[in-house]
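One structure is given below, encoded as structure tokens.
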């Protein structure tokens, strides 16, 4: 590098620059070839398929222009419901995850190391166990008649207090989406918590000491110092959680099949059902494109916000 | 310090990867390995679970002969239940049964080898289309018409009219062959069918002295009579909590719900198969009736989320007394559940008809299962002939009769006659079919599965009070029209 | 006069008292918050506890009300059904092979590429890197169908290739390694080069040993990803013997053939244990891996 740098920069063409950096290209090649073949190409192909009517019989595929998209927004009520549900889901889950994980991090941070790592482990455990495993357990916990949740609520006097009969959490349109949101929240806290704890560790003690000398209360320190300094991490968590929640699927497939009365239909579940139950690949791909546009634009705006704070 | 552990990751990884590549390279194609797997799994299948007898590939290898060898791949549903089937106590698994049938053919045609996979109900709708899309379908598939018709619409099946001799086809019930004819193309050979009725547990009625309310003499009863019986048994305090148990969480077994629509005198599907046909006062009356039953606590409250297992459990526990079912429910499933100790209430299960609104009960839904042959690239005429012969063997009079006896199904060939003659439930069902005919479930209609899957949401909405019965009907009609693009 | 002093003293006393109370209140609130955190931790672990104990319950107890908080008639019959009656061990092996394969390939490609992105300057660097990042953010469902069709054309259904090879490029891993590499001082590399080391030699002898923590984290994440990638495994595995553990186990509860809750829980526990072991062994790497990308140290 040092030797090459001795050449005057302006005399070298782009081609020479590339040649000089050939080692770097070789280093990225093992990753980039499969990336192009298995990630980029299918992605572009997905865009293409959305303009086709495509079923199990490849011989019958035909180009239909924007018909799939027109159908999505004019003759597919369930998709519109799924669109709304997905947004609702994001709006419920993301703020809750951010608030809870900040709260946990701030409370746990001053505690002894053992306590800190216990809490961290507890909240990371659902991440480790994965969606399938958790969904299976939660179906049982949510059962109206013999589920653990209703039992705990009953001994806590919840039903007596409100004077209502036991709730079938996954059986009511009002509670089904919330119940799924709760499950998703339960496995979405682990990662942000670790991030916030690490971020707190990076805030220098001197700042706190200075604030204390100035007579600031715990609350003031939190609002004026801690929170602003956590901002980059918060934005990062916001973006990643939003992207993940937009893709919620496993809980729907295993816990509700989109019911009751379509209350838990989500975009990705519609994609799955259309492509892998009805074998309408083209139509499913069109839904994928819509999801891509939504998530892409939200991520873009969040990154615009994030741009100044976090460096890549 | 933990860093020292790291070397384990690549070492284990490389070892496993090498192993995986080895297995991956060998597993899919080579029969030898497949056979080994079979031996292991079959032994284990003694333990009874529903999931067990899934796909277990077997190769029944013939001794070589003069004719050019033919390999046939056969996939079947797990219709034969070894625990409950009559007539073959020596067989342990569904696979054993299918092997027996295949071997019966191979012993006279040693140039043919058959690879059999038994798929379970959850896998059938997933694996078969994937295999078709993957260009690797089986030669012959035995599955329910509701699924095979979709493959016919996709144009991936062989037109059997072109390969099966006319004399053979003449032996089949023409009505059933008609169901299998899609776009002028006979896409499958029906080999047996079930008939759906209602099952009632008469024990609590007897205990409460209400047996008369069940109309068990002629099984002809109206919605009002059904409602009165349901209400009376619930109020009799003999442990019955929700007289009618059913589920609308998924489309599985939806005929048990649609039976009320048929009973009220409406179709579910239009005669021309181009969508649903619920926009009429009869269908509305049926929906209102169901809604009333639910609102008055005569239907299980978890109807919108329950699975069929839950419905069965409610029935076995005596909490419910009316449930969808057929001959095999009464003759096979319930006795089996009793044996396993799952039935915890006095049980006197009887077959009866769903109630009706008009002057007589509706026709009965029939669900045929058929043999479908898939088109495959590179198949020679000779192979096509050989596969056809084997297909005819599978649907032959001999094995159809055996199958009907084993699994409580109805035959599709005239020559089979009445294999279960003498069984009172069988006689009863036959009598009903003669008297009331059959109804169309739309099994052979285009977009059947998609429309069917769209319907439960509206039943759920109605039961949960989010839609009136009329709105639910409107919703289903709109969904159907949207799917058909009208 | 006297009045005034008294009242002033009184006021001071009151203020002090107020401050004490307010401090006490804050303290109380803080302890309540700590309590809430620990209750939250226990709640978060609750489903896992429920799953493990559930795997030892017979069906009768599993649907009992009130529920048994601890199995009173522990039984191994669920485990027996699971392990003897079904090809569960084969599923376990499949998952292990798939996850290890994903981890191994991911580590190799990501460290190489991460090094180039983090330590080298070359034309198009930013574009190529952003392309990677972009795909990390986009839903993979859109490429699911074309990828599925590609697997069909390659005849890779029911092979380990389908479970492993599509993940040979692991953008998150590249990102992770790149972030970590940027923390390594350039002087070290330059020194090695002056000593006459080749490009690959620098990478192998100098960079790689320094990157160990990131590589560990990366391997674990890739493994976890390969283990839990449910939807892809669901669609590309077909044969009973090629299912992965999460897919096989999920079939115990989804679908027509519902079986006992206990068996489902035993299956879920089995799918969970390998991940748990890995997590406990390599906890520090998890933390490292999560934070290296997002928090600037």
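The values are calculated or read from the model by the stated rules, or taken from the named source; none is laboratory data. The structure presented is a predicted model; accordingly, all values stated were derived computationally and were not measured. Every residue, glycine as well, gets a Cβ built from its backbone with ideal geometry; the counts of neighbours run over all protein chains shown.
Numbers for the structure displayed
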{"item": "Unmet requirement for residue B:391, which otherwise passes all of (1) surrounded by fewer than 18 Cβ atoms within 10 Å (Cβ to Cβ); (2) part of a helix (DSSP H, G or I)", "result": "(1)"}
{"item": "Pick from the range B:216-237, criterion free of Cβ contacts under 8 Å to residues at least 60 places away in the same chain and assigned to a loop (DSSP other than H, G, I, E, B), ranking: nearest to the other protein chains (Cβ to nearest Cβ)", "result": "B:237"}
{"item": "Segments classed as helices (runs of 4 or more DSSP H), wholly inside the range B:436-486, with at least 1 members that are within 11 Å of chain A (Cβ to nearest Cβ) and surrounded by fewer than 23 Cβ atoms within 10 Å (Cβ to Cβ)", "result": "B:448-454, B:469-484"}
{"item": "Residue match in the range B:336-348 (condition: in a helix (DSSP H, G or I), surrounded by 15 or more Cβ atoms within 10 Å (Cβ to Cβ) and on the phi < 0 side of the Ramachandran plot)", "result": "yes"}
{"item": "Condition met for residue B:254 (closer than 16 Å to residue B:472 by Cα, within 14 Å of chain C (Cβ to nearest Cβ) and within 24 Å of the chain's Cα centre (by Cα))", "result": "yes"}
{"item": "Among (1) buried (at least 16 other Cβ atoms within 10 Å of the Cβ); (2) over 24 Å from residue A:90 (Cα atoms); (3) at pLDDT 90 or above - the single one residue A:154 does not satisfy", "result": "(1)"}
{"item": "Test: residue in the range A:220-239 that is within 20 Å of residue A:126 (Cβ to Cβ), within 14 Å of chain C (Cβ to nearest Cβ), in contact with a helix residue (DSSP H, G or I) (Cβ under 6 Å, 6 or more places away or on another chain) and in a loop (DSSP other than H, G, I, E, B)", "result": "no"}
{"item": "Residue that is free of Cβ contacts under 8 Å to residues at least 40 places away in the same chain, outside the structural domain of residue A:298 (by TED's automatic domain parsing) and more than 26 Å from residue C:165 (Cβ to Cβ), where the choices are A:31, A:21", "result": "A:21"}
{"item": "Inter-residue pairs, beta-carbon under 9 Å, first more than 8 Å from every other protein chain (Cβ to nearest Cβ) and in the range A:41-64, second part of a strand (DSSP E or B) and surrounded by 14 or more Cβ atoms within 10 Å (Cβ to Cβ), 6+ apart", "result": "A:61/A:52; A:61/A:53; A:62/A:52; A:62/A:53; A:63/A:52; A:63/A:53; A:64/A:52; A:64/A:53"}
{"item": "Residue in the range C:59-71 that is touching a residue at least 24 places away in the same chain (Cβ under 8 Å), more than 8 Å from chain A (Cβ to nearest Cβ) and surrounded by fewer than 18 Cβ atoms within 10 Å (Cβ to Cβ) present", "result": "yes"}
{"item": "Flag if residue C:157 is in contact (Cβ under 8 Å) with a residue 60 or more places away in the chain, facing another protein chain (nearest Cβ under 8 Å), more than 30 Å from residue C:193 (Cα to Cα) and more than 25 Å from the chain's Cα centre (by Cα)", "result": "yes"}
{"item": "Residue check for residue A:143: farther than 29 Å from residue C:278 by Cα and touching a strand residue (DSSP E or B) at 6+ places or on another chain (Cβ under 8 Å)", "result": "no"}
{"item": "Residues of the range C:160-182 that turn out to be more than 9 Å from chain A (Cβ to nearest Cβ) and over 20 Å from residue B:136 (Cβ atoms), as a count", "result": "7"}
{"item": "Tally of residues being in contact with a helix residue (DSSP H, G or I) (Cβ under 6 Å, 6 or more places away or on another chain) and either within 13 Å of residue A:141 (Cα to Cα) or assigned by TED's automatic domain parsing to the domain that holds residue C:270 (or both) across the range C:53-77", "result": "5"}
{"item": "Hits in the range C:93-122 - residues which are over 18 Å from residue C:182 (Cα atoms) and surrounded by fewer than 19 Cβ atoms within 10 Å (Cβ to Cβ)", "result": "C:93, C:108"}
